[in-house]
Structure formats: C-alpha cells, structure tokens
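J.: One structure, as structure tokens, below. Some questions next.
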Amino acid sequence: MKDKEKKPPEAEVPPEQEAAQAQEPQPEQPLEDELEKLRTELAAQKEQYLRVLAEYDNFRKRTAGEKTAIYNNAVADTVQAILPIADNISLALGQENASGEDMRKGVEMIEAQIESAFEKLGVAPVGAVGEAFDPNLHNAVAHIEDEALGENVISAVFQKGYTLGGRVVRHAMVQVAN
C-alpha cells in the first residue's frame, strides 16, 4: 500500500520547470487570430474615416453653394429695390416739355424713393449737421472755428455716409467745428 501512496518522481514538476513551460512560445494560431482582428478593426476605422471625409466634402460643397445663393439673392433684392428708381429717372429724362420746377419735384421724388429703398435694405445714413464727430463714421476734410457750435461738432456735410448692419459702407465727408 505504501507503493500506491508514493508518487513516482517523474510526476512531480518542480516550480522552476513549471515557469519555464509557461514562458514557452504559444502556438501561432492565437497570433493569427489577433492579427485578423486588428485587420478587421483597421478596415472599419478606414471605412469610417472615408465616410467622414466624404461627409466633409459634401458639407463644403453644400455651404459653398448656399453662400453663392445667399449672395445672388442679396444682389437680386438690391437690384429689385433700385429698379423702380432707375425707371423713374428714365421717365424724367424722357420729358421734353417739363419746367425747371417740375424737374426739381421729380428729382425730389426720386430722392425719396432712394431713401425708402435704402431703408428697406437696412442701409442707414450717417453724418448730419449738428452730430458729434466720430472718426469711425466720419471723414473730416475741413475744420472751422465757430463759437456758436460745440466742440467736435459737424458743421457741414459734403457727402453723406452710410452703414449697413453696423458696418460702415461709406464714411461721411464732413467739416468739423472747433
């Protein structure tokens, strides 16, 4: 019975040998499986990248088209606002027997039409006599000394200025007092 309880010496594996067996190279199949998994992952990432790239290209083309359409619409709106004025100027010039007073009245009506068109388009005039001088809106081309006017006050306007949406389209050419 003692023989059965004793194990043969070959059956016992010393710990050093067990560690060496664990460090032995594993079969190549798991490496190939991992490589295939990485290849699949790479292909998925590449496909995702190509889709994002295509989406960006479509976005770029779409926004360029929208930008062009917005510009064309703005130009068309502006031309539409100005066409009645051009028609009235043509009609005024076509009058052969108009008096000076009639011509003046016609030009005043055209000026009112221009102001109305500008208002519709959001264009605001700047630079009026008595306003405070602002170098961001006005261009001082002359200076006078006048005790009746305050410091840095516009005394004369040579050319009106205009703003659109807070942006200066044209600076007013003015004369400044004091």
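J.: Has region 62-76 got at least one residue that is without any contact (Cβ under 8 Å) to a residue 12 or more places away in the chain and surrounded by 13 or more Cβ atoms within 10 Å (Cβ to Cβ)? Show your work before the answer.
T.: Initially, region 62-76 is screened for residues without any contact (Cβ under 8 Å) to a residue 12 or more places away in the chain, giving 62-76.
If we keep only those that are surrounded by 13 or more Cβ atoms within 10 Å (Cβ to Cβ) as well, we get none.
No.
J.: Can you name the condition, by its number, that A124 falls short on among (1) more than 22 Å from G166 (Cα to Cα); (2) open to solvent by less than 50 Å² (accessible area, probe 1.4 Å); (3) not in a helix (DSSP H, G or I)?
T.: For A124, the exception is condition (1).
J.: Sticking with this one: So which residues in region 149-171 are surrounded by 15 or more Cβ atoms within 10 Å (Cβ to Cβ) and within 18 Å of A81 (Cβ to Cβ)?
T.: Y162, T163, R170
J.: For the structure I just gave you, tell me whether A74 is touching a Lys or Arg at 6+ places or on another chain (Cβ under 7 Å), under 27 Å from T163 (Cα atoms) and modelled with pLDDT under 95.
T.: no
J.: Give the residue, chosen from E111, E119, that is under 30 Å from D146 (Cβ atoms) and assigned to a helix (DSSP H, G or I). Don't jump to the end; show me each part of the working.
T.: Working: E119 fails: under 30 Å from D146 (Cβ atoms).
Checking each option against the conditions leaves just E111.
J.: How about region 88-101: which of its residues are surrounded by 12 or more Cβ atoms within 10 Å (Cβ to Cβ) and either modelled with pLDDT of 95 or more or assigned to a helix (DSSP H, G or I) (or both)? So that I can check it myself, show each step before the final result.
T.: Going through region 88-101, the residues surrounded by 12 or more Cβ atoms within 10 Å (Cβ to Cβ) turn out to be 88-89, 92, 98.
Passing the criteria: N88, I89, A92.
J.: Out of the residues in region 133-148 that are open to solvent by 40 Å² or more (accessible area, probe 1.4 Å) and over 33 Å from the mean Cα position of the chain (by Cα), which is nearest to N88 (Cα to Cα)? Before the answer, list the steps.
T.: Restricting attention to region 133-148, the residues satisfying the condition of being open to solvent by 40 Å² or more (accessible area, probe 1.4 Å) are 133-137, 139-141, 143-148.
Those left that are additionally over 33 Å from the mean Cα position of the chain (by Cα): 141, 143-148.
Working: V141: 34, H143: 38, I144: 39, E145: 42, D146: 41, E147: 44, A148: 41 Å.
Per the stated criteria, the residue is V141.
J.: Between residues in region 88-113 that are touching a residue at least 12 places away in the same chain (Cβ under 8 Å) and residues that are open to solvent by 90 Å² or more (accessible area, probe 1.4 Å) and assigned to a loop (DSSP other than H, G, I, E, B), which pairs lie under 9 Å by C-beta distance while being six or more apart or on different chains?
T.: Partner pairs satisfying both residue conditions: G106/Q95.
The values are calculated or read from the model by the stated rules, or taken from the named source; none is laboratory data. Keep in mind the model is a prediction, meaning the values are calculated, not measured. Every residue, glycine as well, gets a Cβ built from its backbone with ideal geometry; the counts of neighbours run over all protein chains shown. These accessible areas exclude ligands, DNA and RNA; they are computed on the full protein's heavy atoms, side chains included. Shrake-Rupley method; radii C 1.70, N 1.55, O 1.52, S 1.80 Å.
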